[in-house]
Amino acid sequence: MNKFYHIVTYGCQMNVHESEKIAGILSDMGYVSCEEPENADIVVFNTCCIRENAENHAFGNIGMLKKLKSVKKDMIIAVGGCLPQQINKAENLHEKFPYVDIIFGTHNLHELRRLIELKQGRKKTVIEIEDSEGEICEDDRPLRTSYPNAWVNIMYGCNNFCSYCIVPYVRGRERSRDSKKIIEEVKGLIKEGYKEITLLGQNVNSYRGELTFPRLLEKIAQLDGKFRVRFMTSHPKDFSPELIDVMARYPKICNCLHLPVQSGSDSILKAMNRKYTAEEYLKKVEALKKSIPDCAITTDLIVGFPGETDEDFKATEELVKKVGYASAFTFVYSKRDGTVAAKMENQVPEEVSKRRIIELVELVNSQTRVLSATYIGKTIEILCEDYDPKRGLYLGRDEYGRMGYFESDEDVVGQFVMMKVEQANGVSLSGRLVV
Ligand code: 5AD
Ligand code: SF4
């Protein structure tokens, strides 16, 4: 008889990939994936705490399993990831949801098998939160779920302590994986047929293996085979001319860059501890555009950081206009206990932040729409990722990260195809295949 697992993932790509590692552990233990928690013998919540709403979302869904657990007593509920890694949160979780069986932190993920076995032998909740990062565990064999894309961690943790951000507290200090191991992993993935490799790290530019990040990227871009490589995230302070140079020289490296600016105001950037000014950021963007004129630049923006005035917000809008982002993630500042910004005075009232975010989203969307319209009539190369049965269309992305929809008689998932763009609908494009 099969045993089933169901994983619920919140947050960033790092978490998406870590859920693949959790799936790998569970499948080694004989579990098989299932769509509905009702059918599962184990439900794992892989949580996020970057903003309050991410946390509330997880709390809500864990709460919803109470009823199911009361009738399905043998079902194991495990909660892991960033949320319980925060100070006192594991105890909090345990108090609030006593029916949760296992609570584990970000540094305990590779021990999930042991934790499950421990729980099977006892009634008490298993709570293990390791507070130091320890050695990088190279044993995981992720069960990848995002073919033809593959996520590859190159480093873990963050040393930057941006004043609003909880990540350094829950993910620990920066640790880089061995360059040779990364290259071996990528080689293996290409051999298996993966067509897009995304190198992951909180700040890939401070990767310090035997190679620097630009050299590592270069080595990967020199591997044989038809594939693309992307990377995220880059901290602007560490984004270097060497990296621009490598990006420009190798066609396998996608001409796109996620370069979170957060704000366009120097005083806010200073209070955020970002270590660059708006001008320095713009200079780097200029250098990038000079070498790679068609590079799609994306970003993260926060509104309502403590002390943000209308002028500061205007400076953000000005910067957005100057860069001309292909797209941007926009966030309302969320106070995270334990961070430096949480203790700052001048927290911005909710209605002000709301007004600003609406304005900013409109600005970003209008830029995206203008850029999308320039695609009409062009033929672009798309890596087909999936089939959408509701729309009856295949979908995939071009190297710039634009989503394209098209019809095809053949199953082309995992293939590079050429699409002539006929329509632009906001962020996505649609068209027809050409040979
Ligand atoms: N509030 C709002 N947004 C945040 N981010 C990180 N911490 C916070 C916070 N406390 C955003 C940043 C970062 C992205 C991953 O999440 O923009 O780049
Ligand atoms: Fe958070 Fe800043 Fe580190 Fe990014 S660089 S994870 S925003 S502390």
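The values are calculated or read from the model by the stated rules, or taken from the named source; none is laboratory data. Since this is a predicted model, take the numbers as computed values, not measurements. FYI the Cβ positions are ideal-geometry reconstructions off the backbone, even for glycines, and counts take in every protein chain you see. With ligands, DNA and RNA removed, areas are computed over all heavy atoms of the protein, side chains included. Shrake-Rupley method; radii C 1.70, N 1.55, O 1.52, S 1.80 Å.
Using a 1.4 Å probe on the protein heavy atoms, what percent of the accessible area of region 257-373 belongs to carbon and sulfur?
Its accessible area is 55 percent carbon and sulfur atoms.
For the chain, with equal point scatterers placed on the C-alpha atoms only and solvent neglected, what are the log10 I(q)/I(0) values from the Debye formula at q = 0.10 1/Å, to two decimals?
-0.78
Taking the Cα centre of the chain as the origin, how large is its charge dipole in debye, to the nearest 20, when only Lys and Arg (+1) and Asp and Glu (-1) carry charge on their Cβ atoms?
160
Past 30 Å, Cα to Cα, is the threshold; run LYS66/LYS195; LYS66/LYS119; LYS252/LYS354; LYS226/LYS322; LYS119/LYS195 against it and keep the listed order. Kindly include the intermediate steps, with their values, before the conclusion.
On the way: LYS66/LYS195 41 Å; LYS66/LYS119 18 Å; LYS252/LYS354 40 Å; LYS226/LYS322 35 Å; LYS119/LYS195 39 Å.
Flagged as over cut-off: LYS66/LYS195; LYS252/LYS354; LYS226/LYS322; LYS119/LYS195.
Cross-link partners among lysines for LYS390, C-alpha distance below 24 Å, same-chain residues fewer than 8 apart left out?
Straight-line reach from LYS390, under 24 Å: LYS420.
Given springs between every Cα pair under 10 Å in a Gaussian network model of the chain, which of TYR281, TYR164, TYR375 has the largest fluctuation?
So, out of TYR281, TYR164, TYR375, the one fluctuating most is TYR375.
If the only charges are +1 at each Lys and Arg Cβ and -1 at each Asp and Glu Cβ, what is the size of the charge dipole of region 207-250 around the Cα centre, to the nearest 20 debye?
Details: 8 positive and 6 negative charges, 35 e Å.
With only Lys, Arg, Asp and Glu charged at Cβ, the dipole is about 160 debye.
I want to check the label-to-label distance for ALA342 and MET1. Put each point 7 Å from Cα in the C-beta direction and report it in nm to one decimal.
4.4
Say the dipole of the chain comes from +1 at the beta carbon of Lys and Arg and -1 at that of Asp and Glu; which of CYS82, LEU200, ILE102 then lies farthest toward its positive end?
Highest projection toward the positive end goes to ILE102.
Along Cα→Cβ, 7 Å out, is where each label goes; now give me the distance between the ones at SER291 and GLN415 in nm to one decimal.
3.5
By the gyration tensor of its Cα atoms, with a ≥ b ≥ c the square roots of the eigenvalues, what is the shape of region 3-128: rounded for a/c under 1.5, prolate for a/b over b/c, or oblate?
rounded
To the nearest 0.05, what FRET efficiency results for ASN425 and ARG114 with a Förster distance of 45 Å applied to their C-beta separation?
The pair ASN425/ARG114 has a calculated efficiency of 0.40.
Under a GNM of the chain (C-alpha, springs under 10 Å), which listed residue has the highest mean-square fluctuation: ILE358, ILE103, ILE50?
Comparing ILE358, ILE103, ILE50 in the GNM, the peak value goes to ILE358.
Rounded to the nearest 500, what is the 222 nm mean residue ellipticity of the chain from helices alone, with -39500 (n - 2.57) per DSSP H run of 4+ residues and division by all residues?
-10500 deg cm²/dmol
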